[in-house]
Structure formats: structure tokens, C-alpha cells
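The values are calculated or read from the model by the stated rules, or taken from the named source; none is laboratory data. Bear in mind the structure is a predicted one, so any value in this text is a computation, not a measurement. As a convention, Cβ positions derive from the backbone with ideal geometry for all residues, glycine included, and neighbour counts pool all protein chains shown.
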Amino acid sequence: MIQKIIFALLLLLSIKVTGQKQRYLSVAAFTTQSDYPFGKFAGLFKETFHPGFEIGYGKILKPRLNHEWLMELKLAYFYHRFIQHGLPFYLNFGYRYKFNSRISAETSLGAGYMHSIPATEKFKLNDNSEYVNNKGIGRAQATASFGIGLNYFINPQYSNPVRLFTVYEQRVQMPFVKSYVPFLPYNTFMIGASRSIKKRNSSSK
């Protein structure tokens, strides 16, 4: 099942879309907290720090003068103290609106696979009534996300521009614990940078 999800994500990203003009790589760092969707923002900076980082590969699908559609494949890692190490691997679809050549805003939806590894030791009783390690290699989970963000292009006139970005993201992990916490929501604040790896077509309209 895990292999099928990963294969599907890679297949979707490899699809050639008419009018695609630009590809880019991105890297970001973030802090995350479990809470109801949009239930926490200030707490991301003053409560217990749960750090993470993310790398991504993206394509601009439909570039236009004032807006564009995009698709991204992302791999992340985060540490939730006493709970888990999370490894999300997911596909993101987004829309970006350009206020000018440097500043833009965007929104995105994502879904994919997440591997959850317990952050503490787990034990169980064996047939000899002895406790043995039951941590294992983790659990296969699904993940879905929604994000809103702002972008700033440092050098929009170049063929390979650098973009700085911030994203406020809502993520859901499922099923976390089927019996009483089937959905575990996270609030995340992310900062990062990306750089184009393919020349843009300046004639896009």
C-alpha cells in the first residue's frame, strides 16, 4: 500500500502539462503545534518548540501575467516532543496571485503519505509475562494539508529567480489512534526559499 501511494505521487508529478514554463527546488524550516485547525498562531512561537524542515520540487503549470497554478512534491520531517517523529511525503496543488513582479500570495491543498515513528519507548507483555520493546519501525498514516502564504522574489528579472516565502499551514494526520483520536490536526508556520531550475518563458500571458 505504501509503495502504491508513493508511486502515485511520483506519477502525478511527472505528468507533462501544456503550458508549463518553470520548475523549482525549495527548502524550508518550520515550527508546529497540535491544535484545532487555525486554533493556534502565537503559540507556535512561545510554547514548546516542535521543529521541522521540508524540501520540495515544484512546477508552474499555467503561468499567466498576474497569476499561476502550481504543483509541488514535498518531503518533510518534524519532531513532536514525547509523541512522534513525522515524515510527511505529499503532493501539493496551489494557486498564486501576483500583486507585482516581486510580491505574491498563494493558497494550496495537499494530500499524501506520512510515516509516524513513536518518540518514546513502547512496551508490551509477551507470553512469558515480560515487557518487551514494541516500538517497531513506525506506522503508515495519511496526511492532508491546507496552506496560505506570501512570497517575495529577490531578483524577478533573472532567468532563475530566488523566492522567499512564509506559509501558515493546517495539517491533519489520520488515523492517529482509531479508538479515540482518529484525526490529529497540526498548525504550522514555515519560512523558506526556492530557486528556479528551468528558465521561464517571458512571453506568458
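Observations on the model:
- Boolean, residue 186 is modelled with pLDDT of 85 or more, crowded, with 19+ Cβ neighbours inside 10 Å and of a type in the set (Ser, Thr, Tyr): yes
- Residue check for residue 137: in contact with a Leu (Cβ under 7 Å, 6 or more places away or on another chain), modelled with pLDDT under 95 and of a type in the set (A, V, I, L, M): no
- Scope the stretch 29-88; condition polar (S, T, N, Q) and at pLDDT below 85; matching residues: 48
- Residue under evaluation residue 130, criteria (1) modelled with pLDDT under 95; (2) closer than 15 Å to residue 86 by Cβ, criterion not met: (2)
- Only one entry in 54, 72, 68 is among the acidic types (Asp, Glu) and over 18 Å from residue 168 (Cα atoms), namely 68.
- Residues of the stretch 11-28 satisfying the condition of being modelled with pLDDT under 85 and either closer than 21 Å to residue 172 by Cα or among the hydrophobic types (A, V, I, L, M, F, W, C) (or both): 11, 12, 13, 15, 17
- Scanning the stretch 151-196 for residues that are farther than 24 Å from residue 48 by Cβ, of a type outside the set (Phe, Trp, Tyr) and part of a strand (DSSP E or B) yields 151, 162, 163, 164, 193, 194, 195, 196.
- Residue in the stretch 70-97 that is farthest from residue 49 (Cα to Cα), counting only those that are among the aromatic types (Phe, Trp, Tyr) and crowded, with 20+ Cβ neighbours inside 10 Å: 90
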